[in-house]
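Presented below is the structure to which this report refers.
The values are calculated or read from the model by the stated rules, or taken from the named source; none is laboratory data. The shown structure was predicted, so the numbers you read here are calculated from the model rather than taken from an experiment. Counting neighbours? That spans all protein chains shown, and the Cβs are built from the backbone with ideal geometry, glycine included. Accessible surface areas use protein heavy atoms only, side chains included; no ligands, DNA or RNA. Shrake-Rupley method; radii C 1.70, N 1.55, O 1.52, S 1.80 Å.
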Amino acid sequence: MSTGKAKEVREMFGRIAPRYDLLNHLLSANIDKRWRRFTVSHLKDVLSRPDSRALDVCCGTADLSLELGKVVPTVGIDFCHSMLVIGKEKVAKRQLDVTLVEGDALNLPLPDTSFDALTCAFGLRNLVDVRGGLEEFYRMLKPSGRVAILEFSQPVIPLFRQLFKFYFHKVLPIIGGAISGSISAYKYLPSSVEEFPDQERLATMMRECGYKNVRYFNLTGGIAALHLGDK
Ligand SMILES: C[S@@+](CC[C@H](N)C(=O)[O-])C[C@H]1O[C@@H](n2cnc3c(N)ncnc32)[C@H](O)[C@@H]1O
């Protein structure tokens, strides 16, 4: 697992972990919370099945795991110890069935066909092998289970796209760098989004990995997108 990029990504999140939540909410003006709730709302039918369980891959500090945990027993998994430490503190304050474990998204230490819903929020883009991640997620799902990929994407309205790109590439690294102490992490963010497949390419990749009924929603003009696919 410890290829160069994976190690760099893990160390980077380790450095910014103490300020990660603050910056997420500040830099998105709290819109990230709405995006996570929107994600869970599109899983309601699979989460209402008997004995339904959810897996939140690349769970970080567990915000989405906690949203899922309000509905079903949830496992969150991430390979960055420092992010999980913060996540576990948050979980401990709530009476929810949420378990956080350390592990690699590309080699999940869990049995096949175990979960009704699998989420990955702002994690897929960080994987060394995006397609390998989607295949691994597919392995985890029960038949008729659903994957939900919440990820930054490409704004779809031309003028808004230019304004947002200016903010994302020029303003965000300065604020993120000043508060987290790691400007490189907040320069990596926009550049990793540029390299990540856009809405249509990601949907195509999901279909190629075997997901059925693939669809997506642009969120906040396409700053982010929620992709859904069924097994
Ligand atoms: C941008 S954070 C997203 C955290 C959380 N899902 C959220 O919505 O705030 C990305 C997370 O992906 C994790 N990550 C990246 N690559 C991973 C991998 N190969 N296996 C497990 N976790 C990984 C990082 O450690 C980090 O916590």
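When V128, V147 are checked against the criterion of being among the aliphatic types (A, V, I, L, M), part of a strand (DSSP E or B) and modelled with pLDDT of 95 or more, a single residue qualifies: V147. Of all residues in segment 175-213, those being out of contact with any Asp or Glu (no Cβ under 8 Å at 6 or more places or on another chain) and in a strand (DSSP E or B) number 0. Annotation note: Cβ proximity below 6 Å between a residue of segment 210-230 that is closer than 28 Å to F164 by Cα and a residue that is among the polar types (S, T, N, Q) (sequence gap 6+ or interchain) occurs for Y216/Q199; G222/S153; G222/Q154; A224/S153; A225/S153; A225/Q199; A225/N218; L226/T39. Exactly one residue out of V130, V57 is of a type in the set (V, I, T), over 19 Å from H25 (Cα atoms), in contact with a Phe, Trp or Tyr (Cβ under 9 Å, 6 or more places away or on another chain) and open to solvent by less than 20 Å² (accessible area, probe 1.4 Å): that is V57. Taking segment 1-100 and the helices (runs of 4 or more DSSP H) fully enclosed by it, the elements with 2 or more residues that are over 20 Å from F137 (Cα atoms) are at 4-27, 31-41, 81-92. Looking only at segment 1-21, residues that are touching a helix residue (DSSP H, G or I) at 6+ places or on another chain (Cβ under 9 Å) and away from the ligand (no atom under 12 Å from the Cβ) come to 2 in all.
The one condition from (1) within 23 Å of A105 (Cβ to Cβ); (2) of a type outside the set (A, V, I, L, M, F, W, C); (3) open to solvent by 70 Å² or more (accessible area, probe 1.4 Å) that Q162 does not meet is (1).
Does P109 satisfy the condition of being within 12 Å of the ligand (Cβ to nearest atom), open to solvent by 10 Å² or more (accessible area, probe 1.4 Å) and over 29 Å from G176 (Cα atoms)? Judged against the criteria, P109 is a match.
Of all residues in segment 176-197, those being open to solvent by 60 Å² or more (accessible area, probe 1.4 Å) and farther than 19 Å from M83 by Cα number 4. Within the set A121, A203, the sole residue that is among the small types (G, A, S), within 15 Å of L55 (Cβ to Cβ) and modelled with pLDDT of 95 or more turns out to be A121. When you check I77 against the structure, is it within 12 Å of the ligand (Cβ to nearest atom), more than 16 Å from the chain's Cα centre (by Cα) and either modelled with pLDDT of 95 or more or open to solvent by less than 60 Å² (accessible area, probe 1.4 Å) (or both), yes or no? It is false that I77 is within 12 Å of the ligand (Cβ to nearest atom), more than 16 Å from the chain's Cα centre (by Cα) and either modelled with pLDDT of 95 or more or open to solvent by less than 60 Å² (accessible area, probe 1.4 Å) (or both).
Criterion applied to K88, K5 was being among the basic types (K, R) and at pLDDT 95 or above, and the one residue passing it is K88.
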